[in-house]
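Below: one structure, written as structure tokens.
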Amino acid sequence: MKAEGTLIDAAGLRPTRQRMAILRAVATERRPVTAQDLYARLRGARGSPGLATIYRTLGALTEAGILRTFPAGEGEVAYRLCEPGHHHHLICEACGQVVEIPSCEVEEWASGVARRRGFTTTGHQADIFGLCTTCQRAARRA
């Protein structure tokens, strides 16, 4: 992954200390993180961003294509730094883990579905929800 400042700069945004701290905090999480989670995590640090700044920054980084949004329940949105390039996701509904799937594993299927229905595609995005192996094992033990 590129350094936070490089990613922010490449998106045409000014790499402020607060933006870099927010992006760094998102990047260190394996699972998507909400603005409230980030606020709780960053609060108390010298020069920590306020909640409004976190929301604005997450929006700008998402708009720039640096972050990706995921549903977090109760209308809330969670954010995750994804690898560049087109890909899809397996999302665990129990623990929130996100696994990136290379696009080639989905492309042929998506193109075939569209073609059989006489549909010309301009793009697609697939998020597949279920339970990861760890959560499946935990559910069987319960």
Problem - Long-range neighbours under 7 Å by Cβ, at least six apart or interchain, first residue among the basic types (Lys, Arg) within region 13-36, second modelled with pLDDT of 90 or more - result: Arg19/Thr57
Exercise for the section: Scan Gly65, Gly112, Gly59, Gly75 and give me the residue that is outside the structural domain of Ile8 (by TED's automatic domain parsing) and either farther than 30 Å from Ile22 by Cα or not aromatic (Phe, Trp, Tyr) (or both). Expected result: Gly112
Practice task
Say whether the condition of being hydrophobic (A, V, I, L, M, F, W, C), under 13 Å from the mean Cα position of the chain (by Cα) and closer than 30 Å to Arg140 by Cβ is met by at least one residue in region 78-86.
Solution key: yes
Handout entry: Restricting region 92-135 to residues that are among the hydroxyl-bearing types (Ser, Thr, Tyr) and touching a helix residue (DSSP H, G or I) at 6+ places or on another chain (Cβ under 8 Å), the residue that is surrounded by the fewest Cβ atoms within 10 Å (Cβ to Cβ)
Key = Thr120
Exercise for the section: Examine region 115-134 for a residue that is closer than 30 Å to Arg14 by Cβ, not in a loop (DSSP other than H, G, I, E, B) and not hydrophobic (A, V, I, L, M, F, W, C), and state whether such a residue exists. Expected result: no
Handout entry: Hits in region 84-142 (condition: of a type outside the set (S, T, N, Q), in contact (Cβ under 8 Å) with a residue 60 or more places away in the chain and in contact with a Cys (Cβ under 7 Å, 6 or more places away or on another chain))
Key = Cys95
Completion exercise
If you go through Ala78, Ala25, Ala72, Ala60, the only one that is closer than 17 Å to Leu13 by Cβ and either buried (at least 19 other Cβ atoms within 10 Å of the Cβ) or touching a strand residue (DSSP E or B) at 6+ places or on another chain (Cβ under 8 Å) (or both) is Ala25
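The values are calculated or read from the model by the stated rules, or taken from the named source; none is laboratory data. As the structure is a prediction and not an experimental result, all values here were calculated from the model. Cβ atoms come from the backbone with ideal geometry, glycine included; neighbour counts cover every protein chain shown.
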